[in-house]
Amino acid sequence: MQMRILSAPVVALPILVLTLVATTASADWLNWRGPTQSGSAAPNAQPPLTWSEEENVAWKIDLPGEGSSTPLVTDDQIIVLSSEPGEDDQVRFLLGSYSRADGSKNWQSVATEATPHEGMHDTNTMASWSPVSDGKHIFAYYGSWGVYCFDLNGEKVWSKELSPMTMRAGFGEGSSPGLHGDNLILQRDHGGSSEIVVLDKSDGDERWRVERDEPTNWGTPLVTEHGGKALVITTGENFVRCYDLADGAELWRCGGQTMRPVATPVRHGDSVIVASGFRGSYLCSIPLGQTGDLTERVNWFYDSGTPDIPSPLLSDGRLYFFQGKNGILSCVDASDGTQHYFRERLDGVGTIYASPTAAGGHIYITARDGSTTVIKDGPILEVVAQNQLDATTDATPVVVGNDLYIRARTALYCLRK
């Protein structure tokens, strides 16, 4: 089976809701999926369509150590997490700020130095968590090595130690934090005691903690509002779960996902879309505003062609997603799952860890080999350009204004016409 529409109605007004979000969102990129938490840049963004190591490169800088986290942009600063070897087998966890104008370093801070208690997959790094910001502070989560709050001058405001996690097969960590109002949300699913933890962003004090019956996954929570409540929606191998941000009460759950989900959910109107694609395939649209077990009450679902590591992209009511972590792309109507095109192979696109980004009427698709394929943002697959940088790249492209930022493993590019 490819797609099935169930009897539960899809609630109206998704286009209106998305339009409102898009027109009121900040142009800054304050979390890893951008101003609408869906992978789309602000409406006025016009990044370049073509580039190379010589063409349309406003600047390129070498970063200390390495990393695979997606940067954030606030005002004139671009913030990047990285890690480098310290003394006596320790790892130094770094946070750096660079000028958007020319890439010059504003400041660099050391969050902590620690000795890792386990290894990681050869494609992972010790800086795979993407930071978040409220425009005044930066919140950097380093998993087992704690969470840290910095001001925009690089001064540490507070820090909080956290218990070590034991990840499946020693593959390393990588779930990024969520931020909503005064709440910092951490999803910590691993081989030990899994949990979701909510901290006060002003001082790091714990507001609540809920244990989770979930094995290792690398999911990042989606925090959104519906029905007068702020909701925390988490992926999970056993269940997608929705919590009340106020107190951690579980409002609903939905089964069907595959092993160790990675992709971040996206909000569409009165539904949330969740996907996973490791050792199986499942992508579904779950109606908000209900309670209990929603496994048999989803709006529609696919059980083939669904993404593993890259998260889905939502743009203008269209949902884009890869098959597994390969350059096989689908585009469907987010309201009812109707296919625009399905499992179309993009020539020259190999393994993909980065999620797609929408900007200026185009979709930017970056593969691990440093290539980026640009396609039209529309119901018909049309390749516009194919570009190549000489750098391994796992981070998602970031677009602010006319600038496209590509964070490679050891370098940062600003691409500009």
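Quick notes on this one:
- Residue in the range 92-106 that is among the aromatic types (Phe, Trp, Tyr), in a strand (DSSP E or B) and surrounded by fewer than 21 Cβ atoms within 10 Å (Cβ to Cβ) present: no
- Looking across the range 373-407, the residues that are surrounded by 19 or more Cβ atoms within 10 Å (Cβ to Cβ) and either among the basic types (Lys, Arg) or free of Cβ contacts under 8 Å to residues at least 60 places away in the same chain (or both) come down to Thr373, Ile375, Thr393, Pro397, Ile406, Arg407.
- Annotation: of all residues in the range 46-78 being more than 20 Å from the chain's Cα centre (by Cα) and polar (S, T, N, Q), the one that is farthest from Trp29 (Cα to Cα) is Ser52.
- All positions within the range 182-199 that are among the charged types (D, E, K, R) and part of a loop (DSSP other than H, G, I, E, B): Asp182, Asp189
- Qualifying positions in the range 379-400 - among the hydrophobic types (A, V, I, L, M, F, W, C) and within 13 Å of Leu49 (Cα to Cα): Val383, Val384, Ala385, Val399
- Options Arg260, Arg209; residue that is in contact (Cβ under 8 Å) with a residue 60 or more places away in the chain and more than 27 Å from Pro35 (Cβ to Cβ): Arg260
- The sole residue among Arg212, Arg260, Arg168, Arg241 that is among the basic types (Lys, Arg), under 26 Å from Gly119 (Cβ atoms) and within 18 Å of the chain's Cα centre (by Cα) is Arg260.
- On the stretch given as the range 321-336, residues that are of a type outside the set (S, T, N, Q) and buried (at least 22 other Cβ atoms within 10 Å of the Cβ) total 6.
- The lone criterion from (1) modelled with pLDDT of 95 or more; (2) touching a strand residue (DSSP E or B) at 6+ places or on another chain (Cβ under 6 Å); (3) not hydrophobic (A, V, I, L, M, F, W, C) left unmet by Gly86 is number (1).
The rows are residues; the columns are (1) touching a Leu at 6+ places or on another chain (Cβ under 6 Å); (2) crowded, with 17+ Cβ neighbours inside 10 Å.
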site: Gly34; (1), (2): no, yes
site: Leu72; (1), (2): yes, yes
site: Ile79; (1), (2): yes, yes
site: Asp88; (1), (2): no, no
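- The residues in the range 39-57 that are at negative phi and surrounded by fewer than 19 Cβ atoms within 10 Å (Cβ to Cβ) can be counted, and the count is 10.
- Looking only at residues in the range 279-295 that are in a loop (DSSP other than H, G, I, E, B) and among the polar types (S, T, N, Q), the one that is surrounded by the most Cβ atoms within 10 Å (Cβ to Cβ) is Ser281.
- If you go through the range 394-417 and keep only what is farther than 16 Å from Val374 by Cα, assigned to a loop (DSSP other than H, G, I, E, B) and of a type in the set (Val, Ile, Thr), you end up with just Thr410.
- Only residues that are without any contact (Cβ under 8 Å) to a residue 60 or more places away in the chain, in a loop (DSSP other than H, G, I, E, B) and either buried (at least 18 other Cβ atoms within 10 Å of the Cβ) or touching a Cys at 6+ places or on another chain (Cβ under 6 Å) (or both) were counted in the range 107-125, giving 1.
- Of the strands (runs of 3 or more DSSP E) lying entirely inside the range 33-86, the ones with 1 or more residues being basic (Lys, Arg) are found at 57-62.
- In the set Asp270, Asp303, Asp336, Asp293, only one residue is closer than 21 Å to Val223 by Cα, in contact with a Phe, Trp or Tyr (Cβ under 8 Å, 6 or more places away or on another chain) and touching a residue at least 40 places away in the same chain (Cβ under 8 Å); that residue is Asp293.
- Tally, over the range 160-181, of residues that are assigned to a strand (DSSP E or B) and within 24 Å of Met120 (Cα to Cα): 2
- Residues of the range 150-173 that are on the phi > 0 side of the Ramachandran plot and either crowded, with 21+ Cβ neighbours inside 10 Å or acidic (Asp, Glu) (or both): Gly172 alone.
- Residue tally, condition under 22 Å from Ser281 (Cβ atoms) and crowded, with 22+ Cβ neighbours inside 10 Å, over the range 243-266: 9
Yes/no per residue for (1) of a type outside the set (Asp, Glu); (2) in a strand (DSSP E or B):
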residue: Ser311; (1), (2): yes, no
residue: Val332; (1), (2): yes, yes
residue: Ser335; (1), (2): yes, no
residue: His340; (1), (2): yes, yes
residue: Gly348; (1), (2): yes, no
residue: Ile363; (1), (2): yes, yes
residue: Thr373; (1), (2): yes, yes
residue: Ala385; (1), (2): yes, yes
residue: Asp390; (1), (2): no, no
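- Residue count, the range 318-328 (criterion: over 18 Å from Tyr282 (Cβ atoms) and either without any contact (Cβ under 8 Å) to a residue 12 or more places away in the chain or touching a Lys or Arg at 6+ places or on another chain (Cβ under 8 Å) (or both)): 1
The values are calculated or read from the model by the stated rules, or taken from the named source; none is laboratory data. Bear in mind the structure is a predicted one, so any value in this text is a computation, not a measurement. No Cβ is skipped: glycine too gets one built from the backbone with ideal geometry, and neighbour counts run over all protein chains shown.
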